[in-house]
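Remarks on the structure that follows.
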Amino acid sequence: MYVRDAKNREEVWLLDHIEAMDLDDTAFRSRDYVIAIDEDSGAKAGFGRIRIHTGEANEQVCELTSIGVLDGWRKQGVGGHVIERLIEYASDQSFDRVYALTAIPDYFAQFGFQPIDEEDVPTVLDPRLAAKRERHDGPVVPMWLPVDRFRMPARLREWFKSATEAAPETTESDPDEVAEEFGIDPEEATYKYDPSGRRR
């Protein structure tokens, strides 16, 4: 299993899965994405992108967004390795920090992301935060991470080495299971949030 930059010919595949997962496709450009690939079968397991926003005085802000893992590849560290590659990508473009506006803050917290107060969110991300909150029933939490403080949990590193595609589950998932699909145990999660986005 490895993660590489998306290719132009994968645009349709990306758009299909972004739509199926109800992820954000605003300002879509396939070159902003990375894709996790199974090196034995060539199957695509997950994807994500960075989106660069330019604010006042040409200040640029890097957001991680549209991160998705296909059903048969969840709970195997795929999402974490997609995030790791995106952070490397951001660092290559001279960003020293990245932001995420997420409905699953506990998932991002395991990599070192920290929640931030709304007044500390870069102004250029305010419309993004409002739009994401409009799309989601639950809270959407703004978070940030200095790129040199990213950490990959050892268990996700090991899972990724031997990741294999599983048959999709036939049972319907409820919203409380979203975190579990990404490898988070809701009963042991460190961070809890209220709808305002504040840690409690």
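The values are calculated or read from the model by the stated rules, or taken from the named source; none is laboratory data. It should be emphasised that the depicted structure is a prediction, and the values quoted were computed from it without experimental measurement. Every residue, glycine among them, receives a Cβ derived from its backbone with ideal geometry; neighbour counts consider all protein chains shown.
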Residue check for residue 89: closer than 24 Å to residue 159 by Cβ, aromatic (Phe, Trp, Tyr) and surrounded by fewer than 19 Cβ atoms within 10 Å (Cβ to Cβ)
no
Could you name every one of the strands (runs of 3 or more DSSP E) located completely within region 1-101 that has at least 2 residues being modelled with pLDDT of 90 or more and out of contact with any strand residue (DSSP E or B) (no Cβ under 7 Å at 6 or more places or on another chain)?
none
Given the condition exposed (fewer than 14 other Cβ atoms within 10 Å of the Cβ), at pLDDT 90 or above and under 18 Å from residue 67 (Cβ atoms), answer yes or no: does some residue in region 155-169 qualify?
no
Within region 1-37, of all residues that are free of Cβ contacts under 8 Å to residues at least 24 places away in the same chain and of a type in the set (A, V, I, L, M, F, W, C), the one farthest from residue 160 (Cα to Cα) is 28
So the check is Cβ under 7 Å with 6+ separation or different chains; which pairs have a first residue in region 146-165 that's free of Cβ contacts under 8 Å to residues at least 60 places away in the same chain and a second one that's of a type outside the set (Lys, Arg)?
146/96; 149/112; 151/111; 151/112
Can you find a residue that is in contact with a Lys or Arg (Cβ under 9 Å, 6 or more places away or on another chain) and either hydroxyl-bearing (Ser, Thr, Tyr) or within 17 Å of residue 55 (Cβ to Cβ) (or both) anywhere in region 129-141?
no
Right, residue 72: in contact with a Pro (Cβ under 7 Å, 6 or more places away or on another chain) and at negative phi or not?
yes
What's the total number of residues in region 102-122 that are surrounded by fewer than 19 Cβ atoms within 10 Å (Cβ to Cβ) and out of contact with any strand residue (DSSP E or B) (no Cβ under 9 Å at 6 or more places or on another chain)?
1
Tell me, yes or no, whether region 190-197 has at least one residue that is surrounded by 17 or more Cβ atoms within 10 Å (Cβ to Cβ), outside any loop (DSSP other than H, G, I, E, B) and either at pLDDT below 85 or out of contact with any Asp or Glu (no Cβ under 8 Å at 6 or more places or on another chain) (or both).
yes
If residue 131 meets every condition in (1) under 17 Å from residue 66 (Cα atoms); (2) within 15 Å of the chain's Cα centre (by Cα) apart from one, which number is that one?
(2)
Answer residue from region 38-56, given it is surrounded by fewer than 17 Cβ atoms within 10 Å (Cβ to Cβ) and in contact (Cβ under 8 Å) with a residue 24 or more places away in the chain and is nearest to residue 164 (Cα to Cα) among those
38
I'd like the full set of residues that are within 14 Å of the chain's Cα centre (by Cα) and closer than 21 Å to residue 93 by Cβ, limited to region 4-60.
24, 32, 33, 34, 35, 36, 47, 48, 49, 50, 51
